[in-house]
Structures are given as C-alpha cells and as structure tokens.
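Written below as structure tokens is the structure these notes are about.
The values are calculated or read from the model by the stated rules, or taken from the named source; none is laboratory data. Just so it is clear, the model here is predicted, and its values are computed rather than measured. Glycine gets a Cβ as well: all are built from the backbone with ideal geometry, and neighbour counts include every protein chain shown.
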Amino acid sequence: MQPTHSFRIFGIALFIFLSLLSVQDIAAQNRSDEKIPPMPKLLSQRDQMDVREAWLKKRLVTMLLPMMKKNGIDIWIVVNEEFHSDPVTEHIVPPIPIVGRRDLFVFIDRGGKLERFAVVRYLEERLKNHYTVLNPPRTEMPAALKKLIDGRNPKTIALNIGGNRGQQSGLTYDGYKFLAETLGADNEKKFVSAANLLTEFFDARLPEELEHYRTAVLATDVITRRAFSNEVITPGKTTVGDVRWWMMQQVNNLGLGIWFQPDLRVQRQAKSTGTTQQFLSTADENVVLERGDLIHVDFGLNYMGLSTDWQKHGYILNKGEKDAPAGLKAALKNTNRLQDILFSFARAGMTGAEVYDQTMAECKKQGIDAMIYSHPIGAHGHGLGASIDFRRAIGGAEERLRLGSYTSIELNTSTNVPEWNNQRVTIMGEDDAYMTESGYKFFRPRQTEFYLIR
C-alpha cells in the first residue's frame with residue numbers, strides 16, 4: 001500500500017472518529033437541553049386586563065367587606081399621590097396608571113353592603129367597572145370626601161399607616177394632613193391603622209390565580225435554566241454581568257417585569273466566598289465564570305400582578321468531568337432534605353414560628369446545618385403574611401399560614417465537601433409553593449440535580 005494512500009485512509013478514519021465524538025457531545029448537550037421546558041404562552045396585555053379585572057371584582061365584591069368587619073373597620077381610605085403611588089393602589093384598581101395629583105379610593109361599610117367610591121382627577125372608563133366614580137373640580141374634592149365620610153358617621157376610619165412594612169404604610173405625611181384638615185378633628189380621632197386588613201387582603205389568594213401564577217413560575221424556571229446552560233455561559237469567557245443582563249433582557253423581551261435584579265453567587269474550590277450579614281455575598285459583575293465553579297442565581301419576575309422568587313444552582317464541569325462531584329451532589333440532597341422536613345410540619349393554621357421551630361429541631365436531630373428564611377409571596381415578592389424565618393423581628397413569625405396562600409420556600413444548608421478538601425459549601429434553595437389542606441405543594445418541581453454547564 002502506497003504511503004500517500006495510507007495517510008489518506010488514516011485521515012478519513014480520524015475525521016470519522018472526531019465527527020463521532022462531536023455527535024456524542026452534541027447528543028449529550030441535547031439530552032441536557034431536553035430538561036428545559038418551552039416558554040409558556042403568555043397572555044396579551046388586553047387579555048391580562050380582562051382576567052385581572054375579574055379577579056379585582058371578586059376581591060372587592062366578595063372578600064373585602066368580611067375582612068373590614070373582622071378588623072373593626074367602618075371606612076377605609078386609600079390616598080394616591082401622583083409620582084408617589086401608594087403600594088396598595090395598583091391592587092385595588094384595574095392595571096391602569098393612576099396619574100391624578102391626588103386620587104382617593106373610599107370603601108364604606110353600609111351594614112351588609114360595601115360602597116366603593118373613586119374620587120379622581122381624571123375619568124377612567126375601567127374604574128367605573130368597580131367604583132362609583134366622582135370627578136369633582138380639584139377645589140371641590142375636599143367637600144365631596146367629607147360628605148361621603150360624614151354620611152356614614154363611622155366609628156373607625158382606616159388609613160395605610162402604622163405597619164412595619166412598606167405595603168402597609170403608603171400614606172404620605174401630606175396625604176395625612178389633607179385627610180385630617182378635610183375631615184376635621186372629630187374624624188381624625190377615629191383614624192386607625194389598616195395594617196392588619198392589608199396583611200389579610202394581600203395574603204389571601206383567589207383559586208383562579210393559581211394556574212396563572214404557575215405560568216409565571218414556569219417562565220421564571222425557563223429563563224433560569226437557559227441562563228445556566230451553554231446557551232449563555234462559555235467557561236473562561238462569560239462574566240456574572242453577562243448572565244445577569246441576559247436574564248433581564250429576556251424579561252424585557254417577554255413584556256414582563258422584575259422586582260429585583262438577578263443576583264449571582266460563585267463558590268470555588270480553595271477560595272472563600274465572602275458573606276454579607278448572614279448570607280453568602282453576591283459576585284461582582286466582572287467575575288469571569290470558570291470551570292469547576294458552583295454558581296447560584298436568585299431571580300424573580302412580575303406577571304399578571306404577581307411576583308415570583310427562584311434560586312437555583314449550576315455547576316461548570318471541569319475538563320473530563322461528566323457530572324458534579326459526589327460531595328456537591330450530597331450537599332444538594334441535604335437542602336432537599338431540609339425542604340422535605342419543612343413540608344412535613346407546615347400546615348394551614350400554624351404560625352410561621354411554630355413551623356420554624358419544629359423544622360429546626362428535626363434538622364438538629366439529623367445533623368443538618370440549616371438556615372430558613374421563607375416568606376409570603378404573591379402580590380409582592382416579599383409579601384405580607386406568615387414568615388418562616390430565623391429573623392423573627394422582621395415580622396410575620398406569629399402570623400398563621402392561610403389555606404391557599406403562597407410562600408417562597410427560601411432556605412439553605414451548609415456541607416463539607418470531601419472533593420474540595422472538606423471546604424464548607426452552601427446550597428441555597430428557593431421554590432414557590434402554595435398551601436393546601438395536606439400542606440405545601442410546589443408550583444414547579446424543585447431542583448434535585450445541578451444544571452450542568454459544559
């Protein structure tokens with residue numbers, strides 16, 4: 001056989017061999033990508049309006065009056081200032097801008113009937129679906145409001161003041177002065193905090209919201225999985241900032257919103273990750289993602305007036321690796337075990353503190369180094385309601401878990417990893433769940449395997 005012919009055959013064989021390797025690599029990557037579900041179909045703006053107005057009508061017609069009676073409230077007034085909106089406003093009106101210099105929303109208990117008035121500077125057609133709309137000249141607005149209040153002769157007038165959270169304390173100083181001067185000293189003595197009413201109002205979820213919220217969580221999941229894949233990350237080249245801004249661009253492309261920017265954390269072998277207060281510090285945007293990195297993202301979005309919150313981990317494979325080290329996988333299983341323990345105790349009617357104490361006691365028995373900081377979610381990313389949290393002073397520890405309410409199950413465990421010379425590694429999990437008669441259920445399957453980046 002001639003040498004040139006032999007080289008030709010060898011070259012063809014080498015080409016076929018390398019091609020087969022490439023096909024295998026692509027097939028392996030495709031197997032990983034198959035785990036990423038397609039982006040769900042999102043409703044158009046017009047369709048969202050119709051659905052959300054139906055939710056609003058049900059809340060105002062069937063839910064609000066019993067809540068007011070339970071909290072001893074005869075009248076509730078929400079004052080909205082242009083460019084300084086009360087956080088409550090967007091949840092008591094259709095999803096439209098409210099842009100008057102000062103607009104008022106008044107809820108009056110007339111015994112067995114709730115009267116609702118919108119005293120606004122500019123007429124808005126959709127407000128008429130939910131309120132009796134009054135549109136007096138600006139100079140006559142105080143008289144119109146006083147007539148409404150005096151006609152009821154209430155014992156209590158609830159205002160958005162006196163809460164320990166922003167959602168409960170939206171009334172400005174000038175707004176308070178306006179009400180006090182308009183309604184007079186006798187009515188000012190009747191002012192009370194609407195904080196407890198707002199906790200119940202925001203923590204109560206409608207059954208009709210559940211599947212739309214599941215869609216929002218799925219969209220969060222899809223963006224996260226794509227971000228933690230080779231679609232976005234090239235080891236040794238991609239930065240933390242590249243991933244963060246890619247995620248925010250996807251949200252923008254879909255016409256969604258975010259309530260905080262995505263945070264990334266990086267844990268590396270033989271390198272300490274700093275801490276901020278009790279938590280691992282977020283990574284700077286200029287940090288380049290390298291092979292062998294354990295990466296983490298905290299990400300949430302807004303859809304249909306509802307917010308999500310989501311934390312997941314990815315592992316960037318070293319050359320020759322096909323999976324994450326066994327020690328890291330064991331660390332993830334510890335966090336899964338912590339989720340199982342919390343779910344085994346949490347039931348509607350329990351306080352957040354009770355769930356926390358029982359869960360941590362069981363973790364101690366099992367030798368799990370755990371931290372829990374779960375919070376209500378739904379209308380706001382950090383919502384009002386029962387918190388299952390080691391920081392009891394932030395509020396919500398003594399609130400009771402409500403049937404149907406949503407909670408962001410946020411927690412972590414720390415484990416020594418043998419392959420990293422027993423370096424302590426923290427696995428942070430966050431999954432949105434809803435409370436049923438038999439306990440919590442996740443909206444989406446939790447993470448039980450690392451997202452692998454090749």
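A few points about this structure:
- Complete set of residues in region 275-298 that are within 25 Å of the chain's Cα centre (by Cα) and assigned to a loop (DSSP other than H, G, I, E, B): Gln277, Gln278, Ser281, Thr282, Ala283, Asp284, Glu285
- Boolean, Asn412 is touching a residue at least 40 places away in the same chain (Cβ under 8 Å) and outside any helix (DSSP H, G or I): yes
- Entirely in region 105-197, the strands (runs of 3 or more DSSP E) that have 2 or more residues that are not hydrophobic (A, V, I, L, M, F, W, C): 114-119
Rundown of residues vs (1) within 26 Å of Ile409 (Cα to Cα); (2) surrounded by fewer than 19 Cβ atoms within 10 Å (Cβ to Cβ), yes/no style:
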residue	(1), (2)
Val217	yes, no
Ile223	yes, no
Asn230	no, yes
Ile233	no, no
Lys237	no, yes
Val240	yes, no
Val243	yes, no
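- Breaking point among (1) surrounded by fewer than 22 Cβ atoms within 10 Å (Cβ to Cβ); (2) without any contact (Cβ under 8 Å) to a residue 60 or more places away in the chain; (3) under 22 Å from the mean Cα position of the chain (by Cα), for Ser374: (1)
- From the list Asp309, Asp323, Asp298, the lone residue that is at pLDDT 95 or above, out of contact with any Ser or Thr (no Cβ under 6 Å at 6 or more places or on another chain), buried (at least 18 other Cβ atoms within 10 Å of the Cβ) and not hydroxyl-bearing (Ser, Thr, Tyr) is Asp298.
- Look at (1) more than 18 Å from Leu197 (Cα to Cα); (2) out of contact with any Lys or Arg (no Cβ under 7 Å at 6 or more places or on another chain); (3) crowded, with 17+ Cβ neighbours inside 10 Å and you find that Ile77 fails only one, number (1).
- Residue match in region 132-155 (condition: closer than 30 Å to Leu403 by Cα and at pLDDT 95 or above): no
- Within region 117-132, considering residues that are surrounded by 16 or more Cβ atoms within 10 Å (Cβ to Cβ) and out of contact with any Lys or Arg (no Cβ under 8 Å at 6 or more places or on another chain), the one nearest to Thr182 (Cα to Cα): Val119
- All positions within region 156-165 that are modelled with pLDDT under 95 and under 11 Å from Leu183 (Cα atoms): none
- In summary, Lys441 fulfils each of the numbered conditions (1) in a helix (DSSP H, G or I); (2) under 19 Å from the mean Cα position of the chain (by Cα) with the single exception of condition (1).
- So Val88, is it farther than 29 Å from Lys155 by Cα, touching a residue at least 40 places away in the same chain (Cβ under 8 Å) and within 26 Å of the chain's Cα centre (by Cα): no
- Just one of the listed residues (Val93, Val119) is in contact with a Pro (Cβ under 8 Å, 6 or more places away or on another chain), within 14 Å of Tyr131 (Cα to Cα) and assigned by TED's automatic domain parsing to the domain that holds Asn187, namely Val119.
- Odd one out for Arg454, checked against (1) out of contact with any strand residue (DSSP E or B) (no Cβ under 7 Å at 6 or more places or on another chain); (2) farther than 25 Å from Tyr356 by Cβ; (3) without any contact (Cβ under 8 Å) to a residue 60 or more places away in the chain: (3)
- Filtered by the rule that a residue be in contact (Cβ under 8 Å) with a residue 60 or more places away in the chain and surrounded by fewer than 14 Cβ atoms within 10 Å (Cβ to Cβ), region 420-431 gives a lone residue, Asn421.
- If you go through region 411-451 and pick out every residue that is among the aliphatic types (A, V, I, L, M) and either outside the structural domain of Glu231 (by TED's automatic domain parsing) or touching a Phe, Trp or Tyr at 6+ places or on another chain (Cβ under 6 Å) (or both), you end up with 1.
- The number of residues in region 306-320 that are more than 20 Å from Asn253 (Cβ to Cβ) and either among the basic types (Lys, Arg) or assigned to a loop (DSSP other than H, G, I, E, B) (or both) comes to 6.
- Conditions (1) more than 16 Å from His91 (Cβ to Cβ); (2) under 30 Å from the mean Cα position of the chain (by Cα); (3) surrounded by 20 or more Cβ atoms within 10 Å (Cβ to Cβ): number failed by Asn164: (3)
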